[in-house]
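The values are calculated or read from the model by the stated rules, or taken from the named source; none is laboratory data. The structure displayed is predicted, hence computed values, not measured ones. Note that each Cβ is placed from the backbone with ideal geometry, even for glycine, and that neighbours are counted across all protein chains shown.
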Amino acid sequence: MKRFSEQFKKKSENIRLTVVEKRDLYERLVSYMEYHPLTTSLNSLNKTKSQPMEIITDKFKIFYISARYLKAVTALAAIFVFIIMPSLAERTVPGDILYPVKGLTEDIRGSLNFTPYEKVAWETKRLERRVAEARLLVKEGKITPQMETDFLVAVQAHKSAAEAQINSLEATDAEGAGLAQITFSSVLDVQSAVLRSDSSSIDATTTDTFSGAIASVLESVNENTDKDDQTAISFERLMAQLEIETTRVYDLFASNQSIATASEITDAKRRLTDIELKISNASAKYQENPVVVIEGLRTALGDLQKLIVFMTDINVRESVSIESLLPIVLTTEERQEVFIKNYEKLEADLIILKNGLEKITDTAVINKIETTMPEVHILITQATSSMISVLFDEADFALVSAQELVNSMLSMSGISDEVTVTGTTDILETIYSTTSSSTELDMETKIKNDVNDTSNPSSTTAVISSQTII
């Protein structure tokens, strides 16, 4: 046993730790010391070796959260993340903190559209959003070159996505693709008109070339998609879609009472009346000429889409007039009234010219007036004849041409419209004394009596023969 203990002791003196073992032991000691620090100094420790040492550890507390409280907090967090934050993000523009959230929510909403038609509508809506954001930044002067590039890329991307969905829809539902194309083209027309209005002038000296650039992109889109506008759509499908969109417009009238002005609502209702008249007339003539009727219904559907955009987008209402988007379609009675009003204006100008001729001393001016008067006479005769034959465009063109000649003569002669209008106010009296005795009815009465009586050949002759023009 003594021999064994001597051998053990001798052997232990030869045992050495390796470098790895030393380092591992060192790290373990240091780690223990860090987590179990001594609170007394070495001097005090030497003085109190006989006393037990108190080891102080870090204190911690345990909190208990009830499941009910945890559920409430979780619900509030979910409401903030999925409802409040996206709602706030909807009002953001590029450069705002929450703008990336807006892009994320748009992607999510796009993924929830399952049919190609819905996807086309959503991509069209996203394109409208990008245009509205760009216009707002331009108006506030916050647009940067990088933002301009990003907007142009975004518009192109939404356009390509919409076109792809239309092509996809055409493979399964050609008529649906045609309807989607009409809607898409109508929105592009409206947005292009808005941007052109912006690009014309921000103020008296500044031109917004960026808005013009986006408008050019939209217009090029429209040109590229025009080839699809002739996709065959049945009469029944068009009428059904028109019924849906018309109902939607009436719903918008009810919901926009507190948003749009009374004048805007009145103007919009007038346009809807015009569109409904187009639809009614087309329906009655479908058997006679189906091709023309279908084209008219396509136009009516496009007009309805423009009206919907005008009523739902306040930025559009503030930027362009509804007249520029959807000019009023005058009824027969209204066109007669406009013609008569213009006719009376021309009559008054001719009387002013007649009464002022005695003050003209320039022989060249007098000769010019005498040379021009027969042409004015011919144009007025053409205007009245066309009006009686219900050829409104020809009548308006002839009357406007005559008015331009009279205005030119007044300007050339230097006669002021302050010249007192004396004598008859009937244009039948001329300065050349070529007067007709058939003046029993005024122009308004004759047109209203004869405009619908085109079957009577004498009606046109009667009115024309009674016109002895200057």
- Message: A300 - would you say it is of a type in the set (A, V, I, L, M) and at pLDDT 90 or above?
- Response: yes
- Item | Hits in segment 275-297 (condition: at pLDDT 90 or above and more than 15 Å from L238 (Cβ to Cβ)) | none
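Results for (1) acidic (D, E); (2) at pLDDT below 85; (3) loosely packed, with under 13 Cβ neighbours inside 10 Å, shown as yes or no for each residue.
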site: S199; (1), (2), (3): no, yes, no
site: F210; (1), (2), (3): no, yes, no
site: E223; (1), (2), (3): yes, yes, yes
site: D228; (1), (2), (3): yes, yes, no
site: L238; (1), (2), (3): no, no, no
site: N256; (1), (2), (3): no, yes, no
- Please verify whether segment 99-106 includes one or more residues that are touching a Lys or Arg at 6+ places or on another chain (Cβ under 7 Å), free of Cβ contacts under 8 Å to residues at least 60 places away in the same chain, part of a helix (DSSP H, G or I) and surrounded by 15 or more Cβ atoms within 10 Å (Cβ to Cβ). yes
- Sort through S385, S413, S466 and tell me the only one that's at pLDDT 80 or above, hydroxyl-bearing (S, T, Y) and surrounded by 13 or more Cβ atoms within 10 Å (Cβ to Cβ). S385
- Could you tell me whether any residue of segment 309-330 is in contact with a helix residue (DSSP H, G or I) (Cβ under 6 Å, 6 or more places away or on another chain), over 20 Å from I265 (Cβ atoms) and modelled with pLDDT of 85 or more? no
- Query: Given (1) assigned to a helix (DSSP H, G or I); (2) closer than 29 Å to D274 by Cα, where does I366 come up short, assuming only one miss?
  - Reply: (2)
